[in-house]
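Asker: Right, I'll just put the structure down here and ask away after.
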Amino acid sequence: MGSIYLIRHGQASFGADDYDVLSPTGIRQAELLGQHLAELGVSFDRCLSGDLRRQQHTANSALEQFAAVGVPVPVLEIDSAFNEFDADAVIRALLPAMLEDEPQALDILRNAAQNRAEFQRIFALIIERWLAGTYDTPGLESWLGFVERVQAGLNRLLEHADNTQKIAVFTSGGTITALLHLITQMPARQAFELNWQIVNTSLNLLKFRGREVALASFNSHAHLQLLKAPELITFR
């Protein structure tokens with residue numbers, strides 16, 4: 001069977017003006033992932049990424065570790081189907097209707113880095129509304145639209161794969177969540193409960209034969225755990 005390694009990007013710049021930039025910790029996580037896989041003797045026939053900077057930077061930082069020990073790596077392919085959903089757009093569209101019940105939400109979101117627990121609570125409430133589809137607005141990518149986009153990316157990948165290949169996809173937590181939802185048929189809300197647990201640069205392994213795809217492992221981050229450095233285990 002073929003293998004697809006879904007790899008979440010390294011820690012981004014949560015609370016900064018531009019989230020789509022790896023933090024120093026995120027770069028280190030990506031390097032450790034590449035070193036770990038190279039030491040295990042894992043090699044890839046294809047490598048793909050969404051077109052977000054944090055995804056591509058993670059891919060390049062990890063793959064450089066293979067090149068450093070003489071393991072050839074394929075050219076990184078870009079497919080925007082593996083981009084994360086636009087969380088900022090979802091928040092902007094759905095937040096106004098919540099303010100009557102959550103009057104502090106705007107201040108919490110504006111100061112997310114100082115209010116991480118409350119940010120997560122508010123963000124989870126917004127995501128529940130997004131998943132339900134009852135608050136969809138023109139121009140906003142819906143949950144169903146996002147799932148369709150991710151499904152199309154997976155279909156393209158499988159169309160050009162054979163059952164012996166190992167393929168790396170450097171992507172994001174929401175994209176991994178959509179794929180879990182598609183492959184396991186778990187409800188969207190349950191899939192997002194798993195989303196909150198996905199560690200930066202974790203490995204999620206899919207096995208495929210033709211168009212049949214199964215989940216083999218979820219959220220493996222041994223490359224971080226082995227270092228016994230809790231600060232390297234992050235979720236944003």
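Any read-out appearing in this document is the output of simple, stated calculations on the displayed coordinates, not a laboratory observation. What you see is a predicted model; the values in this text were computed from it and never measured. Cβ atoms come from the backbone with ideal geometry, glycine included; neighbour counts cover every protein chain shown.
Asker: How far is helix 24-40 tilted, in degrees, relative to the longest principal axis of the Cα atoms in the chain, given as a value from 0 to 90 rounded to the nearest 10?
Answerer: 30 degrees
Asker: Counting only Cα, what are the radius of gyration and maximum Cα-Cα distance Dmax of the stretch 87-140, in Å?
Answerer: Rg then Dmax for the stretch 87-140, in Å: 10.7, 32.
Asker: Can I ask one more? Measure off 7 Å from each Cα along the Cα-to-Cβ vector at Ala152 and Glu64, then give the distance between these two points in nanometres to one decimal.
Answerer: Spacing of the two 7 Å Cα→Cβ label points: 3.3 nm.
Asker: For the chain, what ratio Rg/Rh do Cα atoms give with a Kirkwood hydrodynamic radius?
Answerer: Rg/Rh: 0.97.
Asker: Right, something else. Compute the separation of the alpha-carbon centres of the stretch 16-55 and the stretch 179-223 and state it in Å as a whole number.
Answerer: Centre-to-centre (Cα) distance: 18 Å.
Asker: With both partners inside the chain, how many of the DSSP beta bridges are antiparallel, as a percent to the nearest 5?
Answerer: 50 percent
Asker: Here is a follow-up. Per DSSP H run of at least 4 residues, take -39500 (n - 2.57); add these up for the chain, divide by its residues and hand me the 222 nm value, nearest 500 deg cm²/dmol.
Answerer: Calculated from helices alone, the mean residue ellipticity at 222 nm is -13500 deg cm²/dmol.
Asker: What ³J(HN,Hα) values, in whole Hz, does the Karplus curve 6.51 cos²θ - 1.76 cosθ + 1.60 give for the stretch 115-120 when θ = phi - 60°, with x put for Gly and Pro?
Answerer: 9, 4, 5, 5, 4, 4
Asker: Another question, then. Mind checking the angle between helix 173-184 and the chain's longest principal axis? C-alpha axes, 0 to 90 degrees, to the nearest 10.
Answerer: Taking the Cα atoms of the chain, the angle to 173-184 is about 80 degrees.
Asker: Round to the nearest 10 and give me the degree value, 0 to 90, for the angle of helix 143-159's Cα axis relative to the longest principal axis of the chain.
Answerer: Once rounded, one gets 10 degrees.
Asker: Let me ask something else about it. In percent, what relative contact order does the stretch 1-131 have, based on Cα pairs under 8 Å that are 6 or more apart in sequence?
Answerer: 21 percent
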